[in-house]
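S.K.: Just passing along the structure, written as structure tokens.
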Amino acid sequence: MPGVSYHSRKIWVDKERFVPMREHRFAKSGKLLKTTEVKNVSQHQGRWVADHVTFKDALRAGEGTDFVLDSFRLNAPVPDYIFSKASLKK
């Protein structure tokens, strides 16, 4: 399909918590391009949240990029202007 970054994706989901735990993204040839792995999940206000995730480029050596949530707010109000075209261009 033209315009898509990855031809296919395989996702592992924790059935009890409904949290994606791992993802592999593939090229049209079937070659693995990117991986995502959830290292930690914690519960906040009754929701399970992936708070430590590692992203890796399968075509390059290295440890990848760690995404760690130190703090966040659930259900925080977001003003409507944030979703305007002008705001998106910033």
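Taken together, the values in this text are just the output of simple stated rules run on the coordinates, not laboratory data. Fair warning: this is a prediction, and the values are worked out from it, not measured in the lab. Counting neighbours? That spans all protein chains shown, and the Cβs are built from the backbone with ideal geometry, glycine included.
S.K.: By the scheme Lys and Arg +1, Asp and Glu -1, what is the net charge of all other residues having a beta-carbon under 9 Å from that of His24? Before the final figure, lay out the partial values.
M.R.: On the way: positive: Arg9, Lys10, Arg22, Arg25, Lys34; negative: Glu23.
Net of charged neighbours comes to +4.
S.K.: Counting only other residues whose beta carbon sits under 12 Å from that of Leu69, what net charge do I get with K and R as +1, D and E as -1?
M.R.: Numbers: positive: Lys39, Arg73; negative: Asp51, Asp66, Asp70.
With Lys, Arg at +1 and Asp, Glu at -1, the net is -1.
S.K.: Ok, one more. Looking at the chain from every direction and averaging, what is the projected area of its Cα convex hull in nm²? Show your work: numbers first, answer last.
M.R.: Details: hull surface 35.3 nm².
Directional mean of the projected Cα hull area for the chain stands at 8.8 nm².
S.K.: For Val49 and Leu69, calculate 0.36 nm times their separation in residues minus their Cα-Cα distance, and state this gained length in nm to one decimal. Mind dumping the intermediate values first?
M.R.: Numbers: separation 20, 0.36 × 20 = 7.20 nm, distance 0.93 nm.
Using 0.36 nm per residue and subtracting the Cα-Cα distance, I get 6.3 nm.
S.K.: Under a GNM of the chain (C-alpha, springs under 10 Å), which listed residue has the highest mean-square fluctuation: His52, His44, His24?
M.R.: His44
S.K.: Got the relative contact order for the stretch 8-71 handy, in percent, Cα pairs under 8 Å and 6 or more residues apart?
M.R.: Details: 124 pairs, mean separation 14.1, N = 64.
Here the relative contact order equals 22 percent.
S.K.: In nm, give the distance between the simple-model label positions of Tyr6 and Ile82, each being 7 Å from the Cα along the Cα-to-Cβ direction.
M.R.: Placing both labels 7 Å beyond Cα along the Cβ direction yields 2.6 nm.
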